[in-house]
1. Within the range 361-379, track down each residue that is in contact (Cβ under 8 Å) with a residue 60 or more places away in the chain and over 30 Å from the mean Cα position of the chain (by Cα).
2. Return only the number of the condition from (1) closer than 30 Å to Pro311 by Cβ; (2) hydrophobic (A, V, I, L, M, F, W, C); (3) surrounded by fewer than 24 Cβ atoms within 10 Å (Cβ to Cβ); (4) touching a residue at least 60 places away in the same chain (Cβ under 8 Å) that Leu688 does not satisfy.
3. Given His137, His175, His204, which one is closer than 28 Å to Gly652 by Cβ and in contact with an Asp or Glu (Cβ under 6 Å, 6 or more places away or on another chain)?
4. If you scan the range 803-854, which residues turn out to be out of contact with any His (no Cβ under 7 Å at 6 or more places or on another chain) and among the hydroxyl-bearing types (Ser, Thr, Tyr)?
5. Please pick out the residue among Ser807, Ser753 that is at pLDDT 95 or above, out of contact with any Phe, Trp or Tyr (no Cβ under 8 Å at 6 or more places or on another chain) and either more than 15 Å from Tyr642 (Cβ to Cβ) or crowded, with 19+ Cβ neighbours inside 10 Å (or both).
6. Any residue at all in the range 309-325 that is within 27 Å of Arg194 (Cα to Cα), in a strand (DSSP E or B) and in contact with an Asp or Glu (Cβ under 6 Å, 6 or more places away or on another chain)?
7. Among Asp731, Asp699, which is the only one that is at pLDDT below 90, in a loop (DSSP other than H, G, I, E, B) and more than 30 Å from the chain's Cα centre (by Cα)?
8. Among the candidates Gly293, Gly280, single out the residue that is modelled with pLDDT of 95 or more, open to solvent by less than 10 Å² (accessible area, probe 1.4 Å), under 25 Å from Thr560 (Cβ atoms) and of a type in the set (Gly, Ala, Ser).
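The values are calculated or read from the model by the stated rules, or taken from the named source; none is laboratory data. In this text, all values refer to a predicted model and were calculated from it rather than measured experimentally. Here the Cβ positions follow ideal geometry from the backbone for every residue, glycine too, while neighbour counts run over all protein chains shown. Protein only, heavy atoms only, side chains kept; ligands, DNA and RNA dropped before computing areas. Shrake-Rupley method; radii C 1.70, N 1.55, O 1.52, S 1.80 Å.
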Amino acid sequence: MPWEFTKNHLPSMRLKTSHSQPENCLSTALLHRNTLETNGKRSLQFGLACLILLSSPPVRANSGSDGYTGNVGSTLFVLDTFSGSTPLPNGVQVHGREAVIQAEALRDDVIRIRIARDGNLPEDSSWAVLPAARSEHVDVAAEDDGKAVGFRTKLLRLRIDRKTLRLSLTDLKEHVLQEDAPGWPVEFHGQSFRIYKQMPREEHYFGLGDKIGPLDRRNQSFTLWNTDSYNFQESTDPLYKSIPFFMALREGQALGVLMDNTWRSSFDFGKETSKVYSFGAEDGPIDYYLLYGPDAKHVLATYAWLTGPTPLPPLWTLGYQQSRYSYGSESELREIAARLRADHIPADALYLDIDYQENNRPFTVDSAKFPNFSKMLSDLRKQNFHVIGITDPHIANLPRAGYAPYDSGMAGDRFVKNPDGSIYVARVWPGASVFPDFTQQTTRKWWGELYKPLVAEGLSGFWNDMNEPSVFDGPGGTMPVDIEHRIDEMGFQKRTASHREIHNVYGMENSRATYEGLLNILPNQRPFVLTRATYAGGQRYAATWTGDDSSTWNHLRLTTPMLLNLGLSGFGLSGADVGGFIGTSSPELLTKWTELGTFQPIDRNHSEKGTGHREPWVHGPKQEAIRRRFIEERYKLLPYLYAAAEEMSRTGVPMMRPLFLEFSNPVPDGHPLDLDAGNEFMLGRSILVAPPPYPEKSDEYKVLLPSGHWYNYWTGDLVRAQTNATQSSGDPPGFFPEVPRLDALPVFVREGSILPLQPVIQSTSELPKGPLMLRVYPGTNCQGSLYQDDGATMAYQRGEFLRMQFSCEQTATSLKLHVGPHEGTYKPWWKELQVEVYGMSSGSHRVLGTGGSRLKAIADSQHHSISFAIADDGRGADFELTWRHE
């Protein structure tokens with residue numbers, strides 16, 4: 001029958017009026033791909049469908065509860081006409097009607113794409129991408145084969161089709177890395193835009209920060225609009241952060257994509273339209289970056305180059321942290337500290353939530369609740385506790401009340417304004433409040449100086465909460481979108497911008513002001529800032545956490561993919577509230593969460609006012625003993641954790657990693673290992689943590705172990721995973737059965753690993769007593785590393801650090817261990833190394849040191865290990881362990 005189209009026959013073609021991006025002709029056509037291709041009438045149907053859509057009366061979304069008015073109009077503009085091109089030294093510029101597409105190579109592996117509908121590219125500025133990265137360029141070889149124009153770098157080839165303006169990126173072997181979807185590559189509805197890319201069947205997507213759901217973003221869609229998402233659940237979106245960066249992974253090959261647009265935006269990975277993923281924003285520039293791997297680690301390193309790495313944190317931030325909303329008095333905080341020390345539960349940090357302030361006003365202290373604030377902090381420091389104080393971004397609206405932050409802020413014109421020029425006032429924790437305009441460098445400097453009294457009192461770090469910004473009586477719980485910010489920032493034109501544009505970067509610039517202020521106050525001390533809301537690049541200024549989670553088993557399960565995707569989005573220094581923030585945790589849930597928190601970058605126990613306490617000793621001595629044992633294990637692992645943190649600060653590779661970062665070879669059908677691995681993750685290069693998918697149940701589950709040999713972290717046993725010959729029907733190879741236990745968490749060590757550990761201490765301020773331990777797990781590519789410094793200052797930047805490298809080689813009857821010399825000038829706390837070699841069978845053993853001297857070796861048949869002690873004089877040494885089987 002002939003093709004016939006009416007509005008009734010195409011209900012999915014109406015313009016959407018929700019907060020998601022508008023649907024377009026292309027997406028509808030792709031939804032009906034099979035029908036469209038029947039009898040070769042695809043183009044006719046597509047054209048008629050678009051004609052119906054464009055003949056509809058103008059549609060504009062109504063204002064939603066958050067004040068957002070969708071920018072959906074009847075005017076559809078698409079890039080579909082090639083009218084000329086101009087080669088550039090590092091790229092190409094293509095014109096289509098009045099539009100322009102500019103593609104440039106910043107490096108041989110980094111392509112920047114900018115598109116302007118009216119032919120005028122906007123100012124070259126960014127809150128996320130570093131100026132030095134944006135100004136980089138490499139020469140390219142221009143290409144034009146008559147069908148497409150483009151260029152070639154030493155690694156990549158970019159083409160723009162003359163007929164359709166579709167963009168494709170390949171490597172030099174013509175493997176497609178990214179390709180625009182059929183039809184129009186970009187379309188505009190009013191000021192909004194959307195970009196469509198082909199979504200291969202075997203491609204998977206990771207990133208976008210701590211969005212809820214599976215690790216893989218495929219078949220999901222998300223909105224980026226920083227939101228105070230109290231009591232978020234599985235379907236909640238958006239959340240607190242907007243990080244418009246993701247990684248596409250296909251058959252082990254990775255490509256990173258950063259859309260640098262601060263407006264409300266959205267990403268759809270095939271949920272709306274099969275075989276197509278898309279991203280767009282309600283306004284602002286089309287400015288996106290393509291970061292080639294080919295492996296995922298290289299993509300993350302490039303992203304760190306582009307947006308900045310996480311700074312090396314103070315060592316104490318890797319220790320156990322105890323918090324509550326709120327420890328509301330001096331006596332209560334002292335009691336918590338005393339109990340931690342009395343019960344020998346290692347801990348480094350205590351938090352003060354808003355109740356330490358006078359009437360919840362930032363930068364004040366309630367002298368009735370904390371009458372000896374400075375002395376209390378001094379006493380706690382003597383007990384080796386660092387105290388972190390909250391400072392929310394709102395300032396109480398208190399004229400003529402002697403409230404210094406308000407008075408100085410008004411005098412300096414530091415607060416955001418209504419469109420009529422009056423100061424914007426809204427209600428938050430202190431009551432009526434005003435809000436700093438962090439888009440001004442002078443305002444950030446003023447904000448940073450507000451910390452001087454608190455730093456002088458003795459607070460060690462600061463917590464920027466509520467900075468989405470959260471506003472109690474604002475539309476959608478935030479500022480109205482027409483609030484005005486006056487941008488005054490290096491690299492930007494001085495101009496007034498609406499909150500629509502600035503909303504998603506407000507929290508990041510708040511944490512930036514705090515971080516830079518602390519650096520200015522104490523230039524030789526590493527700041528610690530914890531932020532709830534942020535944007536791409538915010539890792540330069542602050543650590544983060546996943547927000548107000550709940551005390552449920554399901555939220556425990558949600559934690560791992562959220563933290564992994566945060567790490568893949570630049571925020572490798574992150575955590576979740578151990579035990580859950582909302583609700584009262586059961587004894588078993590708090591214990592299992594404490595176990596998992598041991599192996600995450602930030603280990604903070606936190607809970608809401610009115611709920612049951614979460615301190616390790618609640619629920620009695622049996623539960624406390626399990627929790628203490630795991631917290632102690634974290635302190636043993638501190639040398640390994642700190643080395644991973646230092647690696648992250650150099651390379652952008654997070655401490656907590658999905659399996660595909662270490663094992664890039666996919667399973668036979670092309671998908672990454674993680675899709676079969678439940679909530680498993682790697683901590684650094686060597687440790688695999690395998691929590692049960694349903695820890696509240698006693699059902700057996702299977703741990704996926706990547707190829708190679710693995711050792712049980714707790715026992716030293718060599719783990720025999722199922723293979724193709726022994727596996728059950730339907731099970732992929734490399735599975736190992738486990739049964740959940742309350743007092744256990746399955747942890748494994750990769751073969752070829754050398755782990756540095758230390759004796760248990762009660763805080764990072766305490767020097768360990770005894771030797772540094774080296775656990776050697778023989779196998780292929782055997783290596784390990786150690787990094788040490790004073791853990792607090794910037795002296796490491798002047799060479800005051802210690803770096804050591806270790807390696808080993810194994811034969812059928814021997815193991816050669818190399819301990820590298822000390823690099824750097826920092827003097828370690830140990831004089832001796834205690835080496836433990838695992839995987840040893842019974843028999844006679846002999847250890848020879850440098851020069852053939854024989855060392856005393858002790859066999860441990862229970863842990864299948866041989867141990868021996870060696871002096872560490874800093875010059876390095878080689879050892880050989882030989883054995884004869886009995």
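1. Arg361, Val365, Phe373, Ser374, Leu377, Ser378
2. (3)
3. Selected residue: His204, the only one of His137, His175, His204 that is closer than 28 Å to Gly652 by Cβ and in contact with an Asp or Glu (Cβ under 6 Å, 6 or more places away or on another chain).
4. Thr811, Thr813, Ser814, Thr825, Tyr826, Ser842, Ser844, Thr850, Ser853
5. The unique qualifying residue is Ser807.
6. No - not one qualifying residue is present in the range 309-325.
7. Asp731
8. Being modelled with pLDDT of 95 or more, open to solvent by less than 10 Å² (accessible area, probe 1.4 Å), under 25 Å from Thr560 (Cβ atoms) and of a type in the set (Gly, Ala, Ser) holds for just one of Gly293, Gly280, which is Gly293.
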